[in-house]
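J.: Sharing a structure with you now.
The values are calculated or read from the model by the stated rules, or taken from the named source; none is laboratory data. Please read these numbers as outputs of a predicted model, since none were measured by experiment. Glycine also receives a Cβ, built like all others from the backbone with ideal geometry; neighbour counts cover every protein chain displayed.
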Amino acid sequence: MARTLHFSIFRHNPYDPQSVPRMQSYTLDETPRATLFTTLNRIREEQDPSLQFDFVCRAAICGSCAMLVNGRPLLACKTRTEELPETITMHPLPFFRLVGDLSVDTGSWFGEMEQRVESWVHQQHSFDPNGLEERMSNDKALEIYELERCIECGCCLAACGVALMRPDFLGAAGMLRVARYLADPRDHRSEAQVLEVLAPDSAVSGCVGFLACDDFCPKNLPLEEQWAFARRWLLAHGALSDNRPTPQRIG
Amino acid sequence: MTTIVTDVLVIGGGLAGERTAIEAASRGLRCIILSLVPPKRSHSSAAQGGMQAAMGNMAESQGDSPDVHFEDTVKGADWGNEQDVARKFVTLAPIAIRQMSYWGVPWNRVVAGPRTLPDGRVIEEAKEKEGLIAARNFGGTKKWRACYCSDGTGHSLLYAMDNVAVELGIEVHDRVEAVALIHGGERCFGAVVRDLRTGELRSYIAPATVIATGGYGRIYGLSTNAVINEGTGMIIAQDTGVVPLGNMEAVQFHPTGVVPGDILVTEGCRGDGGYLLDKNEHRFMVDYEPAKKELASRDVVSRRMVYHMRQGYGIDTPYGPHLWLDIRHLGKEHIETNLRDVAEICRDFLGVDPVHQLIPVRPTQHYSMGGVRTDSEGRAYGLKGLYAAGEASCWDLHGFNRLGGNSLAETIVMGMVVGETVAKDRAGTDFTFQERCAIDTQKQVEERIRKLLRGGGKEYVFDLRNRVSDILMEKVAVFRNGKDLEKAVEELQEVYERAQNLGLRSNGLGPNPEMASALRMPGMVRVALTIAYGALQRTESRGSHYREDYAHRDDVNWLKRTLATWQPGAKLPTLNYEPVKITELPPGERGYGEAQGQAPQAQAAQKEAIHG
């Protein structure tokens, strides 16, 4: 028996002087195997061509379509309506600047984060087009790959209590990016640079350990483990004093 | 009017665009990249399989070389490509792979020792190759040559590339769309760009403009492409009236996109023994292809599937008909290990557990071999100062069929080449810019927007888009014939008329998505017409272009490339042709089992293998 779905969707177009932030209702018959990608597109085409949202790959690869669905940050493209109740509330991701309706500007935040952590391999020599590649064990390659599977969707930041209180927070995505380079033998950044990025209250020291980032990461990245790794790295390099209370996971 | 001046304007922030900008920037030029989305979200990230380069590190790569890669590529192209381009490409590909490693890509590496292949053979990886870049097998290649990073090759490449762009401080303006090229009939001066955050227009002025916007897959509605792949770069190039698009009738389809969503599931499903079933759960490929069954080539399987659905054996759904892919008999263990990605796609996007349930699939548009025609160094025909790279371009590496893994490799290799060309062309030259051209172009775009905002138009953009998609899927897809193609051209011309009368149902202000679609629509119909009209004129079958009424490759009349320009005010493209450059390998059999001179039916049954 096909259900009728009732959507309540956040609407606001900052570039329309008449627009005020509001919730708007849409009703739609549910089709088999529908995802929020197919459903939102149907709403746009059949009911409201002004509705803004972002999809690119619609295959959980590009990280464009994170939003709050019934209060939880997730990737809309890999959320099937049959997993949801009949009443579905949708909001744009918090923490990021609103573009309009369900669309937010994640690109600017991640661009700044990448500058801040220097998100590139710090090589000591220049590339030799005639030479062989540097050898690496396959296990090491797989370890690095696991740490760079982040798709910059922003769910970890939207879920993070600290990030919602301090906009300069590095977040799990930023911390993980540093961990990715620390694991890479090709990278030769200085310890001082890593300390400067990871140690402050705007980074590892500010994390209170709720670990909602880990709970809501749609790629199931090892964020809890990497926070622990980052904290241990800082301890080993004298950046955290031993008498500072170690954040505990709650619940 | 806001005007931004730079040395190089790169339109498109995927692998090809970013690699071009990096090359030009490292040669001292100031580059700005324009992108519809943050660059790391580009469609390049979706390429999972691998990147072809003759590294020769694996046991099954012994004897591989750029020569063998060259031969595979030309045969795959069905001799429709430029052989000097293919030669340059295969020579540079290994360097590109190693440079990406230097930039941080965690390529899978060779593990020395014996291992057992799925077919039971035992091979031994050499001790002296331990730790070098590994490769895996791909259809249509003689040797194992596809270098890869687990299941996310495109993702790792794109992240590494974008990180280099960040390191070099290359400016990226994301959420913008180039809506018109600024040119004076002979020279390109940049582009008029619409900010998709605010709806505002800006002019970018540059002595070099590079189109790297990827394919047009979404014009075909059912496409494995990302939703942003609407051919915007090709549209603005063709819109100049002087820049030709090459071989637009060459369109690749993949047999198994899932329904709904059109996400690709790998050929490995069939390679490992999966079946295709119809609505009666009958294994129909046995009837059509008794010898190869589901393992006939990608094009053949696609054609048989479409034919079978047309006979009424498809499963009807609100998303259109589909067939079933059945891998249940392969067993839970095999599915959870060897086909893990497939299992995840089925569960996440369909709610289907392939261990116990059937997977809904149908042939889906996959890749555009055609694009903005350039010379072998990436200079577009028709306008000085305009270049193109990657899937948006046609320097013509792929001819009429792309080899699996050659697309990722092409984006990077061509980016290297085009970035160098841009720098070479710029050296020691003055740039004189005609301001009038920018003002005129921006006025034209403003007028198009004003007309839409004024209202009065009757046609709804999503109706027209769906109509174009239906016409192409029905008549310009895996099966083509003169009668249907004529009809398609006629129907698309009607849609083109209607596209002149678009009206908005919403207010169109700021980042309004209906306005963005409406501005793209007429150009998308032109591209669709270019594909259909080129296919109608090409009375032969070559690679992915399969004519039921001309089932043979015809080297006497058609060993040539279609060049399609669009004259201002025209209702059809103007087609010209140029010879294909054969420098090394004369046309012959592709070696996929096809034989010249067979009955069309038999030849169709065996025609081409290939790719991933």
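J.: Kindly evaluate residue A:148 against the criterion of being surrounded by 20 or more Cβ atoms within 10 Å (Cβ to Cβ) and under 12 Å from the mean Cα position of the chain (by Cα). I'd like the intermediate steps shown before the answer.
T.: Working: surrounded by 20 or more Cβ atoms within 10 Å (Cβ to Cβ): yes; under 12 Å from the mean Cα position of the chain (by Cα): no.
Criteria not met by residue A:148.
J.: Okay, next question. How many residues are farther than 23 Å from residue B:38 by Cβ and buried (at least 22 other Cβ atoms within 10 Å of the Cβ) when one looks only at segment B:171-202?
T.: Pass one, segment B:171-202, residues farther than 23 Å from residue B:38 by Cβ: B:180-189.
Narrowing the set further to residues that are buried (at least 22 other Cβ atoms within 10 Å of the Cβ) leaves B:180-183, B:188-189.
Matching residues across segment B:171-202 total 6.
J.: Looking at segment B:165-191, I want the residues that are at positive phi and have a partner that is hydroxyl-bearing (Ser, Thr, Tyr) and assigned to a strand (DSSP E or B) with Cβ atoms under 6 Å, at least 6 apart or on another chain. Which pairs are those?
T.: B:190/B:204; B:190/B:209
J.: From the list A:176, A:157, A:195, which one is within 14 Å of another protein chain (Cβ to nearest Cβ) and on the phi < 0 side of the Ramachandran plot? I'd like the intermediate steps shown before the answer.
T.: On the way: A:157 fails: within 14 Å of another protein chain (Cβ to nearest Cβ); A:195 fails: within 14 Å of another protein chain (Cβ to nearest Cβ).
Exactly one of A:176, A:157, A:195 is within 14 Å of another protein chain (Cβ to nearest Cβ) and on the phi < 0 side of the Ramachandran plot, namely A:176.
J.: The conditions are (1) modelled with pLDDT of 95 or more; (2) in contact with a Gly (Cβ under 8 Å, 6 or more places away or on another chain); (3) crowded, with 22+ Cβ neighbours inside 10 Å, and residue B:535 fails exactly one of them. Which is it?
T.: The failed condition is (2).
J.: Output the number of residues of segment B:338-352 satisfying the condition of being among the hydrophobic types (A, V, I, L, M, F, W, C), touching a residue at least 24 places away in the same chain (Cβ under 8 Å) and either surrounded by fewer than 21 Cβ atoms within 10 Å (Cβ to Cβ) or at the interface with chain A (Cβ under 7 Å from one of its Cβ atoms) (or both).
T.: Within segment B:338-352, the subset among the hydrophobic types (A, V, I, L, M, F, W, C) is B:339, B:342-343, B:345-346, B:349-350, B:352.
Next, from what is left, pick out any that are touching a residue at least 24 places away in the same chain (Cβ under 8 Å): B:339, B:342, B:345-346, B:349-350.
Then drop every residue that is not either surrounded by fewer than 21 Cβ atoms within 10 Å (Cβ to Cβ) or at the interface with chain A (Cβ under 7 Å from one of its Cβ atoms) (or both), which leaves B:349-350.
Result for segment B:338-352: 2.
J.: Mind checking which residues of segment B:1-29 are more than 28 Å from the chain's Cα centre (by Cα) and under 19 Å from residue B:429 (Cβ atoms)? Can you show your working first?
T.: Our first condition is that a residue be more than 28 Å from the chain's Cα centre (by Cα); within segment B:1-29, this holds for B:1-6, B:27-29.
Passing the criteria: B:5, B:6, B:27, B:28, B:29.
J.: A further question on this structure: Scan segment B:31-48 for residues that are of a type in the set (S, T, N, Q) and at the interface with chain A (Cβ under 7 Å from one of its Cβ atoms) and jot them down.
T.: Keep residues of segment B:31-48 that are of a type in the set (S, T, N, Q), which gives B:35, B:42, B:44-45, B:48.
Passing the criteria: only B:45.
J.: Now a separate question. Restricting the first residue to segment A:80-109 and requiring it to be within 14 Å of chain B (Cβ to nearest Cβ) and of a type in the set (S, T, N, Q), which pairs with a second residue that is crowded, with 18+ Cβ neighbours inside 10 Å and in a loop (DSSP other than H, G, I, E, B) meet a Cβ separation below 6 Å and a spacing of at least six or different chains?
T.: Between residues of segment A:80-109 that are within 14 Å of chain B (Cβ to nearest Cβ) and of a type in the set (S, T, N, Q) and residues that are crowded, with 18+ Cβ neighbours inside 10 Å and in a loop (DSSP other than H, G, I, E, B), the close pairs are A:81/A:34; A:103/A:52; A:103/A:53; A:103/A:54; A:106/A:96; A:106/A:154.
J.: Against the definition (away from chain A (no Cβ under 14 Å), basic (Lys, Arg), in a helix (DSSP H, G or I) and in contact with a helix residue (DSSP H, G or I) (Cβ under 8 Å, 6 or more places away or on another chain)), how does residue B:520 come out, yes or no? Please lay out each step first, then the result.
T.: On the way: away from chain A (no Cβ under 14 Å): no; basic (Lys, Arg): yes; in a helix (DSSP H, G or I): yes; in contact with a helix residue (DSSP H, G or I) (Cβ under 8 Å, 6 or more places away or on another chain): yes.
For residue B:520, the condition - away from chain A (no Cβ under 14 Å), basic (Lys, Arg), in a helix (DSSP H, G or I) and in contact with a helix residue (DSSP H, G or I) (Cβ under 8 Å, 6 or more places away or on another chain) - is not met.
J.: Something else about it: Look through segment B:258-282, keep the residues that are on the phi > 0 side of the Ramachandran plot and under 21 Å from the mean Cα position of the chain (by Cα), and return whichever of them is farthest from the other protein chains (Cβ to nearest Cβ).
T.: Applying the first criterion (on the phi > 0 side of the Ramachandran plot) to segment B:258-282 yields B:261-262, B:273, B:281.
Narrowing further to those that are under 21 Å from the mean Cα position of the chain (by Cα): B:261-262.
Details: B:261: 6, B:262: 8 Å.
Among those residues, the one meeting the criterion is B:262.
J.: State whether the residues of segment A:95-118 include one that is surrounded by fewer than 16 Cβ atoms within 10 Å (Cβ to Cβ) and acidic (Asp, Glu).
T.: The initial filter retains those residues of segment A:95-118 that are surrounded by fewer than 16 Cβ atoms within 10 Å (Cβ to Cβ), namely A:97, A:108, A:112, A:115.
Adding the requirement that they be acidic (Asp, Glu) leaves A:112.
Yes.
J.: Same structure, new question: Only one of (1) away from chain A (no Cβ under 14 Å); (2) within 28 Å of residue A:39 (Cα to Cα) is not met by residue B:230, so which one is it?
T.: (1)
J.: May I ask you to list the residues in segment B:93-125 that are in contact with a helix residue (DSSP H, G or I) (Cβ under 7 Å, 6 or more places away or on another chain), assigned to a loop (DSSP other than H, G, I, E, B) and touching a residue at least 40 places away in the same chain (Cβ under 8 Å)?
T.: The answer is B:103, B:104, B:105, B:106, B:107, B:108, B:110.
J.: Provide a single number: the residues in segment B:74-97 that are on the phi < 0 side of the Ramachandran plot, touching a strand residue (DSSP E or B) at 6+ places or on another chain (Cβ under 8 Å) and either at pLDDT below 95 or of a type outside the set (Gly, Ala, Ser) (or both).
T.: 1
J.: Anything in segment B:126-159 that is assigned to a loop (DSSP other than H, G, I, E, B), within 10 Å of another protein chain (Cβ to nearest Cβ) and aliphatic (A, V, I, L, M)? List them, or say none.
T.: Across segment B:126-159, the qualifying residues are B:132, B:134.
J.: Let me ask something additional. If a residue has to be closer than 25 Å to residue B:300 by Cα and part of a helix (DSSP H, G or I) to count, how many in segment B:346-379 make the cut? Can you show your working first?
T.: First, pick out the residues of segment B:346-379 that are closer than 25 Å to residue B:300 by Cα: B:346, B:354, B:358-371.
Retained after the next criterion (residues that are part of a helix (DSSP H, G or I)): B:346.
Total meeting the criteria: 1.
J.: So residue A:49 clears everything in (1) crowded, with 21+ Cβ neighbours inside 10 Å; (2) more than 8 Å from every other protein chain (Cβ to nearest Cβ); (3) over 25 Å from residue A:165 (Cα atoms) except one condition, right? Which one?
T.: Only one criterion is unmet by residue A:49, namely (2).
J.: If I filter segment B:442-460 for residues that are part of a strand (DSSP E or B) and under 30 Å from the mean Cα position of the chain (by Cα), do I get at least one hit?
T.: Within segment B:442-460, the subset part of a strand (DSSP E or B) is B:459.
When the remaining residues are screened for being under 30 Å from the mean Cα position of the chain (by Cα), the result is B:459.
So far as segment B:442-460 goes, yes, one or more of its residues are part of a strand (DSSP E or B) and under 30 Å from the mean Cα position of the chain (by Cα).
Table: residues versus (1) in contact with a helix residue (DSSP H, G or I) (Cβ under 6 Å, 6 or more places away or on another chain); (2) away from chain A (no Cβ under 14 Å); (3) closer than 15 Å to residue B:528 by Cβ.
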position	(1), (2), (3)
B:456	no, yes, no
B:465	no, no, yes
B:471	yes, yes, yes
B:482	no, yes, no
B:489	yes, yes, yes
B:492	yes, yes, yes
B:499	yes, yes, yes
B:504	yes, no, no
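J.: Is there a residue being over 26 Å from residue B:48 (Cα atoms) and part of a helix (DSSP H, G or I) anywhere in segment B:318-337?
T.: no
J.: So which helices (runs of 4 or more DSSP H) are wholly in segment A:128-220 and hold at least 1 residues that are acidic (Asp, Glu)? Spell out the reasoning first.
T.: Numbers: elements: A:138-147, A:155-158, A:161-165, A:171-182, A:191-198, A:212-216.
Those helices (runs of 4 or more DSSP H) span A:138-147, A:191-198, A:212-216.
J.: For segment B:109-125, does any single residue satisfy the condition of being surrounded by 14 or more Cβ atoms within 10 Å (Cβ to Cβ), over 30 Å from residue A:181 (Cβ atoms) and within 14 Å of chain A (Cβ to nearest Cβ)?
T.: Within segment B:109-125, not a single residue is surrounded by 14 or more Cβ atoms within 10 Å (Cβ to Cβ), over 30 Å from residue A:181 (Cβ atoms) and within 14 Å of chain A (Cβ to nearest Cβ).
J.: Take the conditions touching a helix residue (DSSP H, G or I) at 6+ places or on another chain (Cβ under 8 Å) and modelled with pLDDT of 95 or more and apply them to residue A:98. Does it pass? Explain how you work it out, then say what you get.
T.: Numbers: touching a helix residue (DSSP H, G or I) at 6+ places or on another chain (Cβ under 8 Å): no; modelled with pLDDT of 95 or more: yes.
No.
J.: What's the total number of residues in segment A:221-232 that are of a type outside the set (Gly, Ala, Ser), assigned to a helix (DSSP H, G or I) and either surrounded by fewer than 20 Cβ atoms within 10 Å (Cβ to Cβ) or not assigned by TED's automatic domain parsing to the domain that holds residue A:161 (or both)? Full working, then the answer.
T.: Let us first name the residues in segment A:221-232 that are of a type outside the set (Gly, Ala, Ser), namely A:221-227, A:229, A:231-232.
In the following step, the residues that additionally are assigned to a helix (DSSP H, G or I) were identified as A:223-227, A:229, A:231-232.
Narrowing the set further to residues that are either surrounded by fewer than 20 Cβ atoms within 10 Å (Cβ to Cβ) or not assigned by TED's automatic domain parsing to the domain that holds residue A:161 (or both) leaves A:224-225, A:229, A:232.
Final tally of qualifying residues: 4.
J.: Evaluate the following for residue B:72: is it of a type outside the set (A, V, I, L, M), away from chain A (no Cβ under 12 Å) and buried (at least 24 other Cβ atoms within 10 Å of the Cβ)? Walk me through how you get there before you give the answer.
T.: Working: of a type outside the set (A, V, I, L, M): yes; away from chain A (no Cβ under 12 Å): yes; buried (at least 24 other Cβ atoms within 10 Å of the Cβ): yes.
Answer is yes for this residue.
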